[in-house]
Amino acid sequence: MEAESVIELKEVRKTFRDFWLRPTVEAVRGLSLEIKRGEVFGLLGPNGSGKSTTIRMILGLLQPSAGSVRLFGLSPRSVEARQKLGYLPELSYLHPFLTARETLEYYGGLSGLSRRETTSRAVELLKMVGLQDVGSRAVGGFSKGMSRRLALASSLIGKPELLILDEPTSGLDPISTKEVKTLVKALAAGGMTVLMTSHLLADAEDICDRVMIVNHGLAVAEGKVAELGTSLESFFLAKVGNPEEFQLAEFLKS
Amino acid sequence: MRALLEVVLLELKALSRSRTAILLLVASVLWMLVLPRLIVGDGTFAGARELYVRYSLGGVFALTLISLLASACGSVARERTEKRLMLTLVRPVRHTLVALGKIAAHVFLGAIVLGVSSVVLALKDDVSRPCSHVLSPLMPSPAEEAERMYEEYMKSPRTPEAIRKAKKAEVIKLLEQRAIDRYDTIATNETAVWTFSSGGERVRMRFTNQFEMRQEIRGVFASGENQLSVSNQTQSVAVFDFRSNGELKFTNRGKSSLMLRPRRDLNILSRADSFGWNLLRAYLQLVAVLSMVLSFGVLLSCGLGRPVALFTAFAMLLVAEMGPSVVEQYPSSMDMSRADRVGLAITKTAAAVTRPVSALSPLEALSKDECIEFTPLVLTMALDLVLLPILLSLLSSLVLVRKVEGRG
């Protein structure tokens, strides 16, 4: 039996417009993708390729100009779809005046968990990300790594079926990076669907089952990591790399 | 409901941990305690009391309104620019609840500050002191009177051509104001008669003459069998057993004619409940007004950056405060330049929109021991505390969706 589609994008376009509704940037130009339940999918691409816009459309924060986005067969703006969603943004964006425990309780409450469930899950998640000893400390005093781990715990508090990770290892030291990768693999093994973006191709190679490379708002390649036949980095550079754009050596010489 | 509670709690934590709440509370209590030492009254206990009641709670209300409006204007804008809002919006929570939660938290804090100040006021004053219903004489409404006057004007051959050519609505508006300010003149030994819907124990009147100068007032009030002679000493409030036979008569026994505006200067005061209950009603009305203003603040915060939202909110407050007096001073756009007419039209529109804020004056009624009536209070609360915050939250959610859609 074929696995259920968790994310489905069909010919999605997004054109940003200025105040006078004149088109300024066409960030996504006819992107289609389908992610099945239990997959770990990597959305890769250089800066400005349309990854973040795509993620924001999947999250329901942006409305596509054309095409359709479905989450669990529903509109991404529906409360039912968002009930099954966990999101870790590129930067942590935590409320500095809340403690770590309060942060998890806040997002747990928003996710519709009962107070008792939120409390027990907060304890569990703080332990999982190694912050159990600083649960009562204000987040404003956390290091970048600690904030990142707390943000990851926040994304998991609502028991999501789909986890969207935007640069999950950004700002983490090598040990924490390894821990996060292990955690994502464990979550995927437990049946969670994961969509991640990353600039660190080695991370994507370690975690993802399947990747899509986007450039200038278009999908330029898609495939299973195990079937690439080469390293992800070589594959990526072959698809989007353009050494002529980088004139650093010439610049340094001059 | 749980999500709404979480948003409220988050905002309250932000307000308390940024020390806004505690500073506001301390400043309010200090104002309530220090104000009696600053008041220079008219030398009477009643005068000093009236000033204290009006300016103590009035000062706290102004302070609370300004501080919480500033905070409300930044509440969503700050989270949006710092991208924290995105993490809330991707959760299974309706955008309307986010806006409603922000409003509720600010109103809750405002209600606490005003509540504590009201308790201080109640402790310093006599809560059992009676307050009164205020009745005005039964007369045709100013609009009806204006219509009648207009018809008479148009029939009269002496009416100037400019008025004949002017728009009817503009002339009617002028005449309405004239009806409100119309003086009844009572010549010596003449008797004026006014009708009221029910009776009371006291008559409040303010006579004047055409030069607005003090003059000798001597006369007799009569209602059925009851009579009361009044003089200068009793001209402010006369204690008088006025039964509900529908008529109050006043006979001028002085040497000169007396004038008064019956719609403004003549009332029957009948016993209502106590100052304590009136204080509670004034408190509820202030909270309702606060709620409406803060809802606007949150709406502005959803669509604008914090500085722009702040500027807009305070500009609106200023117009709300000044608009009615401008409109009263220039009721008609006749004989005005085009630019002045445009300016007046803008001010009138702004005054009409913001009238719910500017028209409410529970503090004036409270300080004069006039009962804040139940029906207008319930209407104010239904509109300002429930309906408008919900409507503005819905509007805020629409604005929020458009704003999040932006390039950022």
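The values are calculated or read from the model by the stated rules, or taken from the named source; none is laboratory data. Remember, it's a predicted structure, so these values are computed and weren't measured experimentally. Ideal geometry is used to build each Cβ from the backbone, glycine not excepted, and the neighbour counts take in all protein chains shown.
Odds and ends about this structure:
- Entirely in the stretch A:96-162, the helices (runs of 4 or more DSSP H) that have 2 or more residues that are in the same structural domain as residue A:189 (by TED's automatic domain parsing), out of contact with any helix residue (DSSP H, G or I) (no Cβ under 7 Å at 6 or more places or on another chain) and hydroxyl-bearing (Ser, Thr, Tyr): none
- Hey, residue B:389 assigned to a helix (DSSP H, G or I) and closer than 30 Å to residue B:306 by Cα or not: yes
- The requirement of being surrounded by 21 or more Cβ atoms within 10 Å (Cβ to Cβ), more than 30 Å from residue A:137 (Cα to Cα) and not aliphatic (A, V, I, L, M) is fulfilled nowhere in the stretch A:15-38; no residue meets it.
- Matching residues, the stretch A:145-166, being more than 14 Å from chain B (Cβ to nearest Cβ) and modelled with pLDDT of 85 or more: A:146, A:149
- Looking only at the stretch B:1-52, residues that are crowded, with 18+ Cβ neighbours inside 10 Å, over 20 Å from residue A:97 (Cβ atoms) and of a type in the set (D, E, K, R) come to 2 in all.
- Scanning the stretch A:134-185 for residues that are basic (Lys, Arg) and surrounded by fewer than 17 Cβ atoms within 10 Å (Cβ to Cβ) yields a count of 5.
- Residues being out of contact with any Leu (no Cβ under 9 Å at 6 or more places or on another chain) and more than 10 Å from chain A (Cβ to nearest Cβ) - total across the stretch B:9-21: 1
- Positions within the stretch A:45-63 being at pLDDT 90 or above and assigned to a loop (DSSP other than H, G, I, E, B), in sequence order: A:59
- Sub-8 Å Cβ pairs linking a first residue in the stretch A:210-225 that is in the same structural domain as residue A:29 (by TED's automatic domain parsing) to a second residue that is of a type in the set (Asp, Glu) and in a strand (DSSP E or B), at least 6 apart or interchain, are A:210/A:222; A:211/A:222; A:212/A:222; A:213/A:222; A:217/A:26, ordered by first then second residue.
- Criterion (assigned by TED's automatic domain parsing to the domain that holds residue A:207 and in contact (Cβ under 8 Å) with a residue 60 or more places away in the chain) met by exactly one of A:21, A:62, A:31: A:31
- Residue in the stretch B:9-26 that is among the basic types (Lys, Arg) and either in contact with an Asp or Glu (Cβ under 8 Å, 6 or more places away or on another chain) or not assigned by TED's automatic domain parsing to the domain that holds residue B:124 (or both) present: yes
- Filtered residues of the stretch A:64-76 (kept if in contact with a Gly (Cβ under 9 Å, 6 or more places away or on another chain) and assigned to a loop (DSSP other than H, G, I, E, B)): A:75, A:76
- The residues in the stretch A:61-70 that are of a type in the set (A, V, I, L, M) and within 11 Å of chain B (Cβ to nearest Cβ) can be counted, and the count is 2.
- Taking every residue in the stretch A:93-115 that is over 19 Å from residue B:89 (Cβ atoms) and facing chain B (nearest Cβ under 7 Å) and pairing it with any residue that is of a type in the set (D, E, K, R) and surrounded by fewer than 22 Cβ atoms within 10 Å (Cβ to Cβ), at least 6 positions away or on another chain, the pairs with Cβ-Cβ distances below 6 Å are A:97/B:17.
- Every residue from the stretch A:31-67 that is out of contact with any strand residue (DSSP E or B) (no Cβ under 7 Å at 6 or more places or on another chain) and farther than 18 Å from residue A:213 by Cβ: A:56, A:60, A:61, A:63
- Enumeration of residues in the stretch B:147-188 that are among the acidic types (Asp, Glu) and either modelled with pLDDT under 85 or closer than 20 Å to residue B:260 by Cα (or both): B:161, B:170, B:176, B:181, B:184
- Selection from the stretch A:163-209 of residues that are more than 22 Å from residue A:226 (Cα to Cα), assigned to a loop (DSSP other than H, G, I, E, B) and among the acidic types (Asp, Glu): A:173
- Every condition in (1) over 17 Å from residue A:49 (Cβ atoms); (2) free of Cβ contacts under 8 Å to residues at least 24 places away in the same chain is met by residue A:173 except one, and the failing one is (2).
- Output for the stretch B:289-327, where each listed residue is farther than 15 Å from residue B:67 by Cα, among the small types (Gly, Ala, Ser) and surrounded by 18 or more Cβ atoms within 10 Å (Cβ to Cβ): B:303, B:320, B:323
- Counting only residues that are more than 7 Å from chain B (Cβ to nearest Cβ) and not in a strand (DSSP E or B), the stretch A:77-88 holds 5 of them.
- Criterion (of a type outside the set (D, E, K, R) and farther than 20 Å from residue A:157 by Cβ) met by exactly one of A:74, A:94, A:85, A:61: A:74
- Subset tally (residues that are over 21 Å from residue A:96 (Cα atoms) and either more than 10 Å from every other protein chain (Cβ to nearest Cβ) or buried (at least 22 other Cβ atoms within 10 Å of the Cβ) (or both)) for the stretch B:59-94: 11
- Residues within the stretch A:44-60 that are on the phi > 0 side of the Ramachandran plot and within 11 Å of chain B (Cβ to nearest Cβ), tallied: 1
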